[in-house]
1. Please go through (1) modelled with pLDDT under 95; (2) within 20 Å of Ser87 (Cα to Cα) for Gly3 and return the number of the only condition it doesn't satisfy.
2. Taking only the stretch 71-88 into account, find how many residues are part of a helix (DSSP H, G or I) and among the hydrophobic types (A, V, I, L, M, F, W, C).
3. Within the stretch 1-24, track down each residue that is loosely packed, with under 13 Cβ neighbours inside 10 Å and either touching a Cys at 6+ places or on another chain (Cβ under 8 Å) or touching a residue at least 24 places away in the same chain (Cβ under 8 Å) (or both).
4. Looking at the stretch 36-63, I want the residues that are over 17 Å from Ala4 (Cα atoms) and have a partner that is in a helix (DSSP H, G or I) and aliphatic (A, V, I, L, M) with Cβ atoms under 7 Å, at least 6 apart or on another chain. Which pairs are those?
5. Those residues that are in a loop (DSSP other than H, G, I, E, B) and of a type in the set (D, E, K, R), I need them from the stretch 1-52; list them, please.
6. Condition first: touching a helix residue (DSSP H, G or I) at 6+ places or on another chain (Cβ under 8 Å) and under 24 Å from Ser87 (Cβ atoms). Now tell me which residues in the stretch 41-73 satisfy that.
Amino acid sequence: MQGAFDLKVDDYKAVKGLERENLRDHMTDMELILTMLAEATTTKLHRDRDSQGFKPLKKDAQDGGAVAGRTRRDIEKQSRVAVVNRSNYKALATKKQTKKLSDDSTHEDK
């Protein structure tokens, strides 16, 4: 988390307003994509380097997070909008679902 988003997990949860909930369940698409980029890069580095032991694996994880962090900063520079924000996927999805349900009932009344 720290390499990709410059936040520790607890700090990231605080930004999202979470206490015990799963952070991933509340990430936006872009946050999930960057998390997956960090994980996939870390796995590739581990396999390519044939890393063994804690220190080399930690280095792979730091390097994978750094790739995602550079990507995040580039996206933010181009879009001029922060990737990490208070937007909460579960809240957004519920809001969309509620709107869709109310739109559907409006069509039935006609």
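The values are calculated or read from the model by the stated rules, or taken from the named source; none is laboratory data. In this text, all values refer to a predicted model and were calculated from it rather than measured experimentally. Neighbour counts are summed over all protein chains in view; Cβ atoms, including those assigned to glycine, are modelled from backbone coordinates with ideal geometry.
1. Going through the list (1) modelled with pLDDT under 95; (2) within 20 Å of Ser87 (Cα to Cα), Gly3 breaks only (2).
2. Going residue by residue through the stretch 71-88, those that are part of a helix (DSSP H, G or I) are 71-79.
Filter once more, so that each one left must be among the hydrophobic types (A, V, I, L, M, F, W, C): 75.
Total satisfying the criteria: 1.
3. Gly17
4. Between residues of the stretch 36-63 that are over 17 Å from Ala4 (Cα atoms) and residues that are in a helix (DSSP H, G or I) and aliphatic (A, V, I, L, M), the close pairs are His46/Leu57; Ser51/Leu57.
5. Our first condition is that a residue be in a loop (DSSP other than H, G, I, E, B); within the stretch 1-52, this holds for 1, 6-8, 17-22, 27-28, 50-52.
Passing the criteria: Asp6, Lys8, Glu19, Arg20, Glu21, Asp50.
6. Gly65, Val67, Ala68, Gly69, Thr71, Arg72
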